[in-house]
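Heads up: the structure comes next, in C-alpha coordinates.
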Amino acid sequence: MTKYTEEERRILAYLHDSASRGEQYLRSKTIADAIGLTAKQVGSRLPNLAEKSEEVDIEKWGRARSTTWRVSRSTA
(Lines give C-alpha, C1' and ligand atoms only; values in the text may rest on other atoms or scores of the structure.)
Protein backbone atom coordinates (compact mmCIF):
# COMPACT_ATOMS: atom_id res chain seq x y z
CA MET A 1 0.00 0.00 0.00
CA THR A 2 1.35 3.37 -1.01
CA LYS A 3 1.77 6.06 1.63
CA TYR A 4 0.64 9.55 0.70
CA THR A 5 1.07 12.86 2.49
CA GLU A 6 -2.01 14.94 3.30
CA GLU A 7 -1.31 17.24 0.34
CA GLU A 8 -0.90 14.26 -2.00
CA ARG A 9 -4.20 12.79 -0.81
CA ARG A 10 -5.96 16.09 -1.50
CA ILE A 11 -4.45 16.30 -4.98
CA LEU A 12 -5.33 12.69 -5.77
CA ALA A 13 -8.90 13.12 -4.55
CA TYR A 14 -9.33 16.10 -6.86
CA LEU A 15 -7.72 14.26 -9.79
CA HIS A 16 -9.83 11.15 -9.18
CA ASP A 17 -12.99 13.25 -9.16
CA SER A 18 -11.92 15.02 -12.36
CA ALA A 19 -11.01 11.76 -14.10
CA SER A 20 -14.38 10.26 -13.21
CA ARG A 21 -15.85 12.63 -15.80
CA GLY A 22 -13.40 11.39 -18.44
CA GLU A 23 -9.97 12.41 -19.59
CA GLN A 24 -9.06 15.90 -18.38
CA TYR A 25 -6.29 18.37 -19.12
CA LEU A 26 -5.41 20.42 -16.05
CA ARG A 27 -2.85 22.93 -14.90
CA SER A 28 -1.32 23.02 -11.45
CA LYS A 29 -2.93 26.40 -10.74
CA THR A 30 -6.41 25.04 -11.48
CA ILE A 31 -5.88 22.13 -9.10
CA ALA A 32 -4.30 24.37 -6.46
CA ASP A 33 -7.14 26.89 -6.54
CA ALA A 34 -9.69 24.11 -6.08
CA ILE A 35 -8.01 22.46 -3.08
CA GLY A 36 -6.37 25.37 -1.29
CA LEU A 37 -2.71 24.79 -2.12
CA THR A 38 -0.27 26.83 -4.20
CA ALA A 39 0.49 25.97 -7.82
CA LYS A 40 4.09 25.32 -6.77
CA GLN A 41 2.99 22.83 -4.10
CA VAL A 42 0.85 20.97 -6.63
CA GLY A 43 3.38 21.14 -9.47
CA SER A 44 6.20 19.78 -7.34
CA ARG A 45 4.11 16.75 -6.26
CA LEU A 46 2.53 15.77 -9.58
CA PRO A 47 5.63 14.10 -11.12
CA ASN A 48 6.00 11.90 -8.03
CA LEU A 49 2.28 11.12 -7.97
CA ALA A 50 2.45 10.22 -11.67
CA GLU A 51 4.87 7.45 -10.78
CA LYS A 52 3.23 6.06 -7.66
CA SER A 53 -0.50 6.59 -8.18
CA GLU A 54 -2.52 3.53 -9.13
CA GLU A 55 -5.91 5.29 -9.03
CA VAL A 56 -5.37 7.76 -11.88
CA ASP A 57 -2.95 8.10 -14.78
CA ILE A 58 -1.10 11.41 -14.68
CA GLU A 59 0.96 12.41 -17.69
CA LYS A 60 2.93 15.58 -18.31
CA TRP A 61 1.28 16.73 -21.50
CA GLY A 62 2.43 20.11 -22.67
CA ARG A 63 4.28 23.19 -21.65
CA ALA A 64 3.33 26.67 -22.76
CA ARG A 65 3.42 29.21 -19.97
CA SER A 66 2.80 26.42 -17.48
CA THR A 67 2.71 22.66 -17.61
CA THR A 68 -0.50 20.93 -18.59
CA TRP A 69 -1.23 17.51 -17.10
CA ARG A 70 -3.40 14.87 -18.74
CA VAL A 71 -5.40 12.98 -16.13
CA SER A 72 -7.48 9.88 -16.74
CA ARG A 73 -8.71 6.83 -14.88
CA SER A 74 -6.13 4.14 -14.46
CA THR A 75 -6.80 1.13 -16.65
CA ALA A 76 -4.64 -1.18 -14.55
>> Report the number of Lys pairs in the chain whose alpha-carbons are under 20 Å apart, with separation of 8 or more residues or on distinct chains.
In response: 6
> Put TYR4, TYR25 in order of accessible area, largest first, 1.4 Å probe: what do you get?
Replying inline: TYR25, TYR4
> Rounded, prolate or oblate: which one fits region 1-55, using the alpha carbon gyration tensor with axes a ≥ b ≥ c (rounded when a/c is under 1.5, else prolate when a/b beats b/c, else oblate)?
Replying inline: oblate
> So for ARG9, ARG63, ARG70, what's the accessible-area order with a 1.4 Å probe, most first?
Replying inline: ARG63, ARG9, ARG70
> Within the accessible area of the chain, what % is carbon and sulfur when the probe is 1.4 Å and the other protein chains stay in place?
Replying inline: 47
> Relative contact order (percent) for the chain, with alpha-carbon contacts under 8 angstrom and 6 or more residues of separation?
Replying inline: 34
> On average, how much accessible surface per residue is there in the chain, in Å², for a 1.4 Å probe, leaving out ligands, DNA and RNA?
Replying inline: 65
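Which of the peptides 14-21, 50-57 is most tightly packed, and how do the rest follow, going by the mean number of other Cβ atoms within 10 Å of each residue?
Details: 14-21: 16.1, 50-57: 14.5.
By packing density, highest mean first, the sequence is 14-21, 50-57.
The values are calculated or read from the model by the stated rules, or taken from the named source; none is laboratory data. As the structure is a computational prediction, the values presented were derived from the model and not from experiment. Ideal geometry is used to build each Cβ from the backbone, glycine not excepted, and the neighbour counts take in all protein chains shown. The protein model used for the area step is the full one, side chains on, heavy atoms only, and it has no ligands, DNA or RNA in it. Shrake-Rupley method; radii C 1.70, N 1.55, O 1.52, S 1.80 Å.
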